[in-house]
Amino acid sequence: MHWQTLTYFGDSMLLLPSAVVLAFALFYNTLRLSPVITWLGTFGTAGLVVSISKILFLGYLIGSARFNFTGFSGHTTMSTTFWPIFFWFIARGFSLKRPFLFVLVGYLFALIIAYSRLVLRAHSPSEVISGFLLGACCSLFFLALQRNIPMKAVTLTELLLIAILPILLVLHGKPATTQHFLGTLAAKLAGMESPHTRQQLFSSEQ
């Protein structure tokens with residue numbers, strides 16, 4: 001069960017609303033729209049790339065049997081995009097020294113989430129590794145643009161308000177139906193009754 005709990009920290013049911021809350025927090029603490037737009041654009045781009053990769057496989061069987069690749073791991077990609085920025089925000093908001101150490105904690109946490117996808121056999125190593133690299137590129141892009149942006153202090157009350165939604169979602173623990181939605185969408189786009197499966201990928205390249 002602990003792996004199921006850990007993997008939920010990469011679920012879109014948790015990260016999508018949390019990313020929106022973080023966007024509001026960025027605006028409140030910087031009084032600027034640029035970091036908000038950059039953050040939402042970065043997070044949205046990560047999600048879009050993951051979705052496209054999954055639709056290409058589910059609808060058109062575009063993948064790799066050799067590398068056992070059917071699309072980027074969504075949990076891995078989105079958690080590697082979100083958690084380093086979340087910890088960076090905390091470090092900057094509390095004016096902590098060496099905020100890069102908190103960013104590193106975010107990447108280590110995302111790495112644990114990525115590993116949980118392997119333990120639960122939800123993804124292949126290639127899907128998890130590529131997802132981690134994609135998410136890291138997105139979060140590093142955001143950090144490169146916003147690392148020196150002035151930010152006012154975060155109070156404990158504000159931090160609690162930021163964290164309360166993720167906490168409630170974790171306690172609720174209901175995963176998103178993103179994979180089912182993408183499978184249904186891909187099948188409709190490709191004019192099929194049902195989406196392709198991993199086994200079909202292996203069969204097609206034998």
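Within region 38-53, the residues that satisfy the criterion of being within 23 Å of LEU118 (Cβ to Cβ) and touching a residue at least 40 places away in the same chain (Cβ under 8 Å) are ALA46, VAL49, VAL50, SER51. In region 23-37, the residues that are open to solvent by less than 100 Å² (accessible area, probe 1.4 Å) form Cβ pairs under 7 Å with partners that are charged (D, E, K, R) and at pLDDT below 95, at six or more places apart or across chains, as follows: ASN29/LYS152.
Touching a strand residue (DSSP E or B) at 6+ places or on another chain (Cβ under 9 Å) and either among the β-branched types (Val, Ile, Thr) or modelled with pLDDT under 95 (or both), is that true of THR70? Spelling it out, THR70 is indeed touching a strand residue (DSSP E or B) at 6+ places or on another chain (Cβ under 9 Å) and either among the β-branched types (Val, Ile, Thr) or modelled with pLDDT under 95 (or both).
Selection of region 172-197 for residues being within 22 Å of the chain's Cα centre (by Cα), in a helix (DSSP H, G or I) and surrounded by fewer than 14 Cβ atoms within 10 Å (Cβ to Cβ) yields HIS172, HIS180, PHE181. Each residue in region 114-131 was checked for being assigned to a helix (DSSP H, G or I), more than 15 Å from ASP11 (Cβ to Cβ) and of a type in the set (Gly, Ala, Ser), and 2 of them qualify. Across region 1-22, the number of residues qualifying as open to solvent by 20 Å² or more (accessible area, probe 1.4 Å) and either within 19 Å of GLU158 (Cα to Cα) or in a loop (DSSP other than H, G, I, E, B) (or both) comes to 5.
Checking region 141-160 against the condition returns a match, with at least one residue being farther than 19 Å from PHE67 by Cα, open to solvent by 30 Å² or more (accessible area, probe 1.4 Å) and within 18 Å of the chain's Cα centre (by Cα).
Every residue, every condition in (1) under 11 Å from the mean Cα position of the chain (by Cα); (2) closer than 18 Å to GLY106 by Cα, yes or no:
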residue: PHE9; (1), (2): yes, yes
residue: ALA19; (1), (2): yes, yes
residue: LEU22; (1), (2): no, yes
residue: PHE27; (1), (2): no, no
residue: THR38; (1), (2): no, no
residue: GLY41; (1), (2): no, no
residue: ALA46; (1), (2): yes, yes
residue: LEU56; (1), (2): no, no
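The values are calculated or read from the model by the stated rules, or taken from the named source; none is laboratory data. Bear in mind that the values here come from a model prediction, so they are computed numbers and not experimental data. Glycine also receives a Cβ, built like all others from the backbone with ideal geometry; neighbour counts cover every protein chain displayed. Side chains included, ligands, DNA and RNA excluded: accessible areas come from the protein's heavy atoms. Shrake-Rupley method; radii C 1.70, N 1.55, O 1.52, S 1.80 Å.
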